[in-house]
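Chemist: This structure is in structure tokens; I'll ask about it shortly.
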Amino acid sequence: MIRTLPRPARRALLTALLALPIAASLAFHAADARADTLDNIAKAGVLKVAVPEDYPPFGSVGPDMKPQGYDIDTAALLARAMNVKLELVPVNSANRIPYLQTGKVDLVISSLGKTPEREKVIDFSSAYAPYYQGVFGPTDIKVSSPADLTGKTVGATRGALEEIGLTQMAPNATIKRFEDNNATIAAFLSGQVQLIAAGNIVAAAILAKNPPRRPEPKFVIKNSPCFVGMNKNEPRLQQKVDAAIAQAKNDGTLAAMSKKWFGAPLPADL
């Protein structure tokens, strides 16, 4: 026999069931509010940032055994904007996003490029650092586009993105291909080639050695700037980071950092 609950009991049960979605919604929004990273950073008084330590000039260990580089300076800039202390967390390419997703860090500032795959799992700030492949050469060689390469020799590493891109952009250019970056750099420094196709990081590494033949940027082959990575659905944090980057662009801070670490002006279209 099926027993029927008395009417008052049925009414109480119905009321309780109807209240469940409301309670669940309130709990969800409460959890969401507690999860606001910007509030957590302010409460802790510390900004935890994932940075590279083996990828100069973005991040490396200096002679004083302290982290240094463009990404380190960017992290310090953001900590100042938030009026909190900075905690640097060394990472590599493989673990930088997992560190973010598991709460070990609040932000990733580690020469991070934006890809469709990454955009599915994290959000990105506006661009804060130049990262590109281009053609570089001494000041006295006047080149500003692929068309100007006629009669010039360009060194490039076989199979690298810049070698493939330049081959497509300037099919009539005289490109001398080498098997690795070191050989390409040596060919440029020795005068075996007049220009070099490389990433701006390679050019910065050459400049750091202060050679007689200093590579200055001539034109960009492929542009792939760097962004600050953060967890999904953190609009207040994203707004704060973007505002700090915009201010640093406007007041010349990023331009000075680019000159310091890359030996080149900040690209106008960053």
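The values are calculated or read from the model by the stated rules, or taken from the named source; none is laboratory data. All values reported here derive from a predicted model rather than from experimental measurement. Counting neighbours? That spans all protein chains shown, and the Cβs are built from the backbone with ideal geometry, glycine included.
Every residue, every condition in (1) hydroxyl-bearing (Ser, Thr, Tyr); (2) at pLDDT 95 or above; (3) in contact with a helix residue (DSSP H, G or I) (Cβ under 6 Å, 6 or more places away or on another chain), yes or no:
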| position | (1), (2), (3) |
| --- | --- |
| Ala9 | no, no, no |
| Thr15 | yes, no, no |
| Gly62 | no, no, no |
| Thr102 | yes, yes, no |
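Chemist: Of all residues in the range 109-139, count the ones that are closer than 20 Å to Phe262 by Cα and either surrounded by fewer than 21 Cβ atoms within 10 Å (Cβ to Cβ) or within 19 Å of the chain's Cα centre (by Cα) (or both).
Modeler: Start the filter on the range 109-139 by keeping residues that are closer than 20 Å to Phe262 by Cα, which leaves 109-113, 126-139.
Add one more test, that the residue is either surrounded by fewer than 21 Cβ atoms within 10 Å (Cβ to Cβ) or within 19 Å of the chain's Cα centre (by Cα) (or both), and what stays is 109-113, 126-134, 138-139.
So the count comes out to 16.
The rows are residues; the columns are (1) surrounded by 21 or more Cβ atoms within 10 Å (Cβ to Cβ); (2) assigned by TED's automatic domain parsing to the domain that holds Asp180.
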residue	(1), (2)
Val193	yes, yes
Asn200	yes, yes
Ile206	no, yes
Asn210	no, yes
Arg236	no, no
Val241	yes, no
Gln247	no, no
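Chemist: Moving on to the next point. Mind checking which residues of the range 180-201 are more than 28 Å from the chain's Cα centre (by Cα), part of a loop (DSSP other than H, G, I, E, B) and of a type outside the set (A, V, I, L, M)?
Modeler: Within the range 180-201, Ser190, Gly191, Gln192, Gln194 qualify.
Chemist: Now for a separate question. Return the total of residues in the range 154-198 being acidic (Asp, Glu) and in contact with a Gly (Cβ under 8 Å, 6 or more places away or on another chain).
Modeler: Going through the range 154-198, the residues acidic (Asp, Glu) turn out to be 162-163, 179-180.
Add one more test, that the residue is in contact with a Gly (Cβ under 8 Å, 6 or more places away or on another chain), and what stays is 162.
Summing the residues that are acidic (Asp, Glu) and in contact with a Gly (Cβ under 8 Å, 6 or more places away or on another chain) in the range 154-198 gives 1.
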